[in-house]
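Report on one structure; see the data block that follows.
The values are calculated or read from the model by the stated rules, or taken from the named source; none is laboratory data. Quick caveat: nothing in here was measured; it's all calculated off a predicted structure. Counting neighbours? That spans all protein chains shown, and the Cβs are built from the backbone with ideal geometry, glycine included. Keep in mind that these areas ignore ligands, DNA and RNA; they rest on the heavy atoms of the full protein, side chains included. Shrake-Rupley method; radii C 1.70, N 1.55, O 1.52, S 1.80 Å.
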Amino acid sequence: MTDNNRSELALLAQYGACDVADALDKLGHAAGYLHTPQLLVPPPGTGATKAVGFAYTVEIVAHDDASAPTYTGNYVDACPAGAVMVVSVPPAAHNAVFGGLLATRASVVGAAGFVSNGRVRDIDEIHDAKVPAFVGGVSILSAQKRTRVARTNEPVTIDGVTVNSGDVIVADANGVAVVPHALVGAVADMCAKLVVIDDKVKVDVLAGASLVEGFKKWRG
């Protein structure tokens with residue numbers, strides 16, 4: 001990761017997914033919300049609940065999909081340090097695509113998180129690995145003879161949103177936001193402006209102002 005990459009991530013890491021979503025809205029780019037993946041909530045005081053990093057995309061297909069290429073190896077092994085794995089899975093798949101051993105390896109390679117519309121298993125081991133996971137559900141079924149990896153580092157689509165390798169993912173307990181790489185600076189600038197405005201509204205509300213008064217004064 002270059003110094004420029006680190007600077008880009010630092011710009012967004014200070015904000016939450018809601019801040020980023022509001023900024024994308026203001027910039028006219030509402031198509032940045034993955035609504036299926038939700039935080040796999042760890043036990044209180046354990047695990048991790050936020051992921052910020054460049055997307056490392058993975059496409060998973062049905063095992064018998066003859067039209068898709070076959071990926072050789074394990075996609076977690078190839079995850080760059082500091083990246084968030086973004087894994088698209090066929091909606092009809094009920095098996096897990098990420099589990100204890102993969103989470104352990106993800107921790108070792110330095111993955112910043114795991115985002116998928118698919119399912120996971122071995123959730124205690126995922127929490128132990130401290131890899132924040134945002135998923136579509138859980139399953140006791142393995143991927144064997146059910147799904148397989150087709151390709152990595154190619155655009156994937158989840159919830160109608162196209163995610164490219166190099167886009168920035170900001171995910172927390174509120175949800176998952178996708179920031180196109182070209183918009184990182186603009187989104188960070190807009191987040192800063194919106195957070196200041198909301199903080200001013202909050203101060204006035206705590207002092208007794210109504211929401212109507214606070215919004216009119218600071219949001220216009």
Quick check: anything in region 149-164 under 16 Å from the mean Cα position of the chain (by Cα), closer than 30 Å to Gly45 by Cβ and either surrounded by fewer than 14 Cβ atoms within 10 Å (Cβ to Cβ) or of a type in the set (S, T, N, Q) (or both)? no
Of a type outside the set (Ser, Thr, Tyr) and touching a residue at least 60 places away in the same chain (Cβ under 8 Å), is that true of Phe134? yes
Considering only residues that are of a type in the set (Gly, Ala, Ser) and either under 21 Å from Ile158 (Cα atoms) or assigned to a loop (DSSP other than H, G, I, E, B) (or both), which ones fall in region 126-143? Ala133, Gly136, Gly137, Ser139, Ser142, Ala143
Those residues that are within 18 Å of Phe98 (Cβ to Cβ), part of a strand (DSSP E or B) and of a type outside the set (Lys, Arg), I need them from region 149-187; list them, please. Val149, Ala150, Thr152, Val156, Ile158, Val163, Ile169, Ala171, Val176
Restricted to region 173-187 and to residues being out of contact with any strand residue (DSSP E or B) (no Cβ under 6 Å at 6 or more places or on another chain) and farther than 20 Å from Arg6 by Cβ, the residue surrounded by the fewest Cβ atoms within 10 Å (Cβ to Cβ) is Asn174
Can you confirm whether Ile140 is buried (at least 18 other Cβ atoms within 10 Å of the Cβ) and of a type in the set (Val, Ile, Thr)? no
Run down Gly166, Gly137 and say which single residue is modelled with pLDDT under 95 and within 30 Å of Val120 (Cα to Cα). Gly166
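For (1) over 13 Å from the mean Cα position of the chain (by Cα); (2) open to solvent by 80 Å² or more (accessible area, probe 1.4 Å); (3) closer than 23 Å to Ala81 by Cα; (4) at pLDDT 90 or above, each residue gets a yes or a no:
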position: Asp3; (1), (2), (3), (4): yes, yes, yes, no
position: Ser7; (1), (2), (3), (4): yes, no, yes, no
position: Gln14; (1), (2), (3), (4): yes, yes, yes, yes
position: Ala21; (1), (2), (3), (4): no, no, no, yes
position: Leu27; (1), (2), (3), (4): yes, no, no, yes
position: Ala31; (1), (2), (3), (4): yes, no, no, no
position: Pro37; (1), (2), (3), (4): no, no, yes, yes
Which fully enclosed strands (runs of 3 or more DSSP E) of region 16-105 have 2 or more residues being in contact with a Pro (Cβ under 7 Å, 6 or more places away or on another chain) and not basic (Lys, Arg)? 51-62
Selection from region 53-79 of residues that are open to solvent by 30 Å² or more (accessible area, probe 1.4 Å), of a type in the set (A, V, I, L, M) and touching a residue at least 12 places away in the same chain (Cβ under 8 Å): Ala62, Ala78
